[in-house]
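Let me begin by presenting the structure, written as structure tokens, before commenting on it.
Read-outs throughout are calculated quantities, based only on the coordinates presented, and are distinct from any laboratory measurement. Quantities reported herein were computed from a predicted structural model and do not represent experimental measurements. Because the Cβ atoms are built from the backbone with ideal geometry, glycine has one as well, and the counts that use them run over all protein chains shown.
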Amino acid sequence: MGHFAAQCRTKVKSKNVPQRSDKQTRRVHAVDVDDESDEFAFMIGSADESSGTIDICVGGVPLRGLLIDSGATCNLIDRMTWEDLKQKQIKCKSERTTKKIYSYASKTALQTVGQFTAVVEIPGCQTTADFVVIEGNGQPILGKKTAMELGVLRIGLQDHTCNKVSDTVTEFVSCHSQLFEGVGKLANYEVQLHINPEVRPVAQNARRVPYGLRDKVANELQNLLKQGIIEPAEGPSPVVIVPKSSDAVRICVDM
């Protein structure tokens, strides 16, 4: 009583709790990496291997069932998986490593084979990542950094901000800029107006244009003629002049 059990010189082994040997197999579900010190692997416990996994493409070779671990700061692959990737001619740069990875509550480091760098891809996203190869056979781990770069892991609250319609329109116009050149006139096509032949045609008189808008209407008609939107016609064409907020005019034809 009154002192730390870890520093006690008279340790008593419990008869009810079995002692666990370092030689027992430990499943690695998370990895903590420190570039200036050793690396440590933490065993979270038995988990459903099908939950939280993702299929990716590493160096041009498909790799299924990687466990996404938000607590891991490096990527791990077992040797059997590495040998299978080599047989499938993975495109990567491999090298030896002196990194040490420790299982939880173990003083014995896991045996590392080496590490390699390759391009990791999922549909619509890719990044370059390092993978540490360890001895044995187990489930590969996708670390926090790589998972966030691929967009398959989010840390923190989700942003519920909706995309603005203006941003969507701007993106669409920039991707299809050739469709928005000029005035968007439908060329080489003649519109057919369906008219009841039993109705007697009536010739309407030309409507008077307000005196204050005559210059603007004349300029707008010349502009429409140059763009090929209108063409000269025989007979009167009654128009309706609609002033715009931009001090211009819109010319509408009363059919």
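How big is D for region 82-138, in µm² s⁻¹ as a whole number, if Stokes-Einstein is applied with the Kirkwood radius of its Cα pairs at 37 °C and 0.692 mPa s?
Details: Rh = 13.0 Å.
Answer, rounded: 253 µm²/s.
Among 107/145; 88/144; 91/144; 93/145; 86/107; 99/144, which pairs are too far apart, with a Cα-Cα distance over 21 Å?
Working: 107/145 26 Å; 88/144 26 Å; 91/144 23 Å; 93/145 19 Å; 86/107 31 Å; 99/144 18 Å.
Check vs 21 Å cut-off fails for 107/145; 88/144; 91/144; 86/107.
May I ask you to order 61-70, 218-227 by the average number of other C-beta atoms within 10 Å around their residues, highest value first? Mind dumping the intermediate values first?
On the way: 61-70: 17.4, 218-227: 12.2.
Top to bottom by mean Cβ count within 10 Å: 61-70, 218-227.
Sorted by average packing, counted as other Cβ atoms within 10 angstrom per residue and highest first, what order do 235-244, 184-193 take?
Numbers: 235-244: 12.1, 184-193: 5.7.
Descending mean neighbour count gives 235-244, 184-193.
Going highest first, how would you order 88-94, 77-83 by mean Cβ packing within 10 Å? Numbers along the way, then the final one.
On the way: 88-94: 13.7, 77-83: 17.9.
Highest-to-lowest ranking by the protection proxy: 77-83, 88-94.
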